[in-house]
């Protein structure tokens, strides 16, 4: 967990930098921290929930895939509030995305027998549904993911 | 991961007492659900009134808990808080589970069908 850097004097704009330990408990602690920052920043419960869901899926993917089977690294998260929502940039030095790009949107099939229902694979479709401007690039051994979470209020 | 449980007739009501079902507790949640649902009941109602966050690992564990019941009993959900309801809606899992406004509603539904 890192310290927040409030460095923007704008009316609603602010920016925080978090360093997240890439473990399930590290992710949980970061989300609780983020939720507190958003709450203090006047973001509604509903919009905080949306941010928490999106950032949880992004960070869980990094823990489970980018850092899979390795010693937990760190993940950098920059949160920047603007007047329409939350801009998020996430960096990690784990493995690159397969084929160097984001997975294709592929909703999990639900019209199957109960015993065949999917227990995973929901993450990217949730991220795509709740964000705009989702971009991934790999540069100098670092994964960079950026997106915007539009607020409803 | 603590799960309160209460047998009401042939309905087992299970209430997680922690506010999050996430990647940190998903496996533990599923294992405890398996232990608690060994009893012979017709229905299991998972009362999520105390849960304000479920991520995709938690959602997967809830689906897994339903699957591990096999044909023995149905798993139904009750009292989804707004953000949890949103995750079920986005993943369309709200079409897979019977979802009740509250555990009491779920029990009344049983009575009206009985």
Averaged over peptide B:53-65, how many Cβ atoms belonging to another chain are found within 10 Å of each residue's Cβ?
-> 6
Rough spin-label spacing in nm, given labels placed 7 Å along Cα→Cβ, for residue B:2 and residue B:38 = 2.2 nm
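Counting other C-beta atoms within 10 Å, which of A:33, A:16 has the fewest, and how do the rest follow? Mind dumping the intermediate values first?
On the way: A:33 17, A:16 20.
In increasing order of surrounding Cβ atoms, one gets A:33, A:16.
Which of the peptides A:139-150, A:79-90 is most tightly packed, and how do the rest follow, going by the mean number of other Cβ atoms within 10 Å of each residue?
Numbers: A:139-150: 15.2, A:79-90: 17.8.
In decreasing order of mean packing, A:139-150, A:79-90 become A:79-90, A:139-150.
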With Cα atoms, 0 to 90° folded angle of helix A:24-40 axis to chain A main axis = 40 degrees
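Looking only at chain B, where both bridge partners belong to it, what percent of the DSSP beta bridges are antiparallel (to the nearest 5)? Could you put the intermediate results ahead of the total?
On the way: 6 of 19 bridges.
Here the share of antiparallel DSSP bridges comes out near 30 percent.
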Could you rank the peptides B:27-35, B:71-79, A:130-138 by their average count of other C-beta atoms within 10 Å per residue, with the highest value first?
-> B:71-79, B:27-35, A:130-138
Return one number: the angle in degrees, 0 to 90 and rounded to the nearest 10, between the long axis of the Cα atoms of helix B:103-113 and the longest principal axis of the Cα atoms of chain B.
-> 40 degrees
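How many partner chain Cβ atoms sit within 10 Å of a residue's Cβ in peptide B:17-27, on average, as a whole number? Please list the in-between numbers first.
Working: counts 0, 0, 1, 5, 0, 8, 11, 8, 3, 4, 1.
Across B:17-27, the average partner-chain Cβ count within 10 Å equals 4.
Report the extension gain between residue A:135 and residue A:17 in nm, rounded to one decimal, defined as 0.36 nm multiplied by the number of residues separating them, less their alpha carbon distance.
On the way: separation 118, 0.36 × 118 = 42.48 nm, distance 1.91 nm.
Between residue A:135 and residue A:17, full extension yields an extra 40.6 nm.
Considering only DSSP beta bridges with both partners in the protein assembly as shown, what is the antiparallel share in %, to the nearest 5? Before the final figure, lay out the partial values.
On the way: 36 of 49 bridges.
Antiparallel bridges: around 75 percent, rounded to the nearest 5.
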How do the peptides A:96-106, A:57-67 rank, highest first, by the average count of neighbouring beta carbon atoms within 10 Å per residue?
-> A:57-67, A:96-106
Quick one: order B:53, A:151 by neighbouring beta-carbon count within 10 Å, fewest to most.
-> A:151, B:53
What's the average, rounded to a whole number, of partner chain beta-carbon atoms within 10 Å of each residue's beta-carbon in A:42-51?
-> 2
5 Å binning of all Cα-Cα separations within the range B:26-114, expressed as whole percents from 0 upward | 3, 14, 25, 26, 21, 9, 2
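Per DSSP H run of n ≥ 4, the term is -39500 (n - 2.57); total these for chain B, divide by its residue number, and report the mean residue ellipticity at 222 nm rounded to 500 deg cm²/dmol. Before the final figure, lay out each step's value.
Values: 4 runs with 44 residues, N = 114.
That comes out to -11500 deg cm²/dmol.
Sort B:57, A:125 by Cβ crowding within 10 Å, fewest neighbours at the top.
Numbers: B:57 26, A:125 19.
Sorted ascending by nearby Cβ count, the order is A:125, B:57.
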Just subtract the alpha-carbon distance of residue B:68 and residue B:31 from 0.36 nm times their residue separation and send over the number in nm, one decimal.
-> 12.3 nm
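Each reported figure results from applying straightforward, stated rules to the coordinates on display, with no laboratory input. As the structure is a computational prediction, the values presented were derived from the model and not from experiment. Note that each Cβ is placed from the backbone with ideal geometry, even for glycine, and that neighbours are counted across all protein chains shown.
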